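Here the structure is laid out as structure tokens; the discussion comes afterwards.
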Amino acid sequence: MPARLRLAAQVSAVGVVSALLGLLVWSVATEGRSKVPQRLEGRTLAAPDFELARIDRPGTLSLVSLRGKVVVVNFWASWCKPCKEEAPFLERTWQRYRSQGLVVLGVDYNDVDRDARGFARRYGMTYPLVRDRRGTVLVNDYGGTGVPETFFVDRKGKLVGDRIRGPVDDGEFRKRFDRYLRLALRS
Amino acid sequence: MRLAAALLLGALALAAPAGASEERPTLAELETELYCPTCASPLDQSDAPIAQRMKAYVSDLIAEGRTKGEIKEEMVAQFGERVLAAPPRRGFNLLAWVLPFAGLLVGGGAVGFAAWRWSRGREDDAPPEGAADPALNGRSRLDPELDRRLDEALARYDD
């Protein structure tokens, strides 16, 4: 093999191996890293925006379109048992505080359309509902690990308080829910 | 003629179950071809609530008379392509099917080429026929410089 050809082959091989190694390092370094850290308290962070298809009506809804309102972002699924427990409580919260500029935004995660609609009907959910069809908003953007999980966004679009992993109507979660909601409404 | 008929019959025998599977899929086979999106395992190996719901949904679709392709399309529409155990053979995903074979071909070619060069190199290095020195007893000849230095050292040793 001519020396030039051999050199070109060697350079190509080193280039390919380096690229693959770089890809591996990048993948390991960014894996599981979301825009929202696991613990939020004490930090001021903009809530990652998203625009998702609505379940309750045609069209899409984006988080940024709700700027100026307090938004309780609740990730749920029809197959999730704790979500059944908290859904009526979230509906009551929305009805009670909507005149003060509160919106409960239900984000359905990894679900079947007709199951999600049936769930919303069964539990009388009248607040806006959208679908995180691929689960990327909850997992990649918000660093969520499952449902239910709830976040609080103030009128300026900043995250308030901390994430709540669990049914928000229950015990300690309920106390935190009330505290974070008050913080958000005061903003 | 007989051989062609036998081949045709064989092909038909293989194609018939595949066609039946496409037209009338079973839950058991679809459970191995669909993934639970939250547990990263096939549906048949998962009892997570979402997996149970997906199995029930697939059963409903089978009962509706949907084909395997239609059911997979519906599951992709609901959950995205990550629910497919094997990536679809189109677009960028085609790389996942082609690259392993391409890698095998290139790797096999490289090994074959290296082996061919190595064997040729050995032939080229071999001394011409009839030139073998019986005194070497099958060993290769020493570098002349090394040979000279060895002779000097031996001479000093003899002294």
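Sparsely packed loop sites in the range A:1-107 (the trypsin sites (Lys or Arg not before Pro) outside DSSP H, G, I, E and B with at most 10 other Cβ atoms within 10 Å) comprise A:Arg33, A:Arg39. A cut-off under 12 angstrom between Cβ atoms defines the neighbours of A:Phe75, and their net charge, with Lys, Arg +1 and Asp, Glu -1, is -3. Between the range A:117-160 and the range B:27-92, the alpha-carbon centres lie 24 Å apart.
Panel order for A:Tyr142, A:Tyr123, B:Tyr157, by other beta carbons found within 10 Å of each beta carbon, from fewest to most: B:Tyr157, A:Tyr123, A:Tyr142. Bridges between two residues of the protein assembly as shown, per DSSP, are antiparallel at a rate of about 60%. A:Gly101: net charge of surrounding residues, Cβ under 9 Å, Lys/Arg +1, Asp/Glu -1, itself excluded? Within the 9 Å Cβ shell, the charges total +3.
Legend: residue pairs A:Lys35/B:Lys68; A:Lys35/B:Lys72; A:Lys84/B:Lys68; A:Lys81/B:Lys55; A:Lys84/B:Lys72; A:Lys175/B:Lys55, Cα-Cα distance threshold 27 Å; pairs beyond threshold, A:Lys35/B:Lys68; A:Lys35/B:Lys72; A:Lys84/B:Lys68; A:Lys84/B:Lys72; A:Lys175/B:Lys55. Highest mobility in the GNM of chain A, judged by mean-square fluctuation with C-alpha springs under 10 Å and restricted to A:Val137, A:Val14, A:Val104, is found for A:Val14.
Looking at chain A alone, DSSP beta bridges between its own residues are antiparallel in about 60 percent of cases.
For the range A:45-186, the gyration tensor built on C-alpha atoms gives a rounded shape. Its axis ratio a/c (a ≥ b ≥ c) stays under 1.5.
None of the figures in this text is laboratory data; all of them are computed from the coordinates on show. In this text, all values refer to a predicted model and were calculated from it rather than measured experimentally. Note that we place each Cβ from the backbone using ideal geometry, even for glycine, and neighbour counts take in every protein chain shown.
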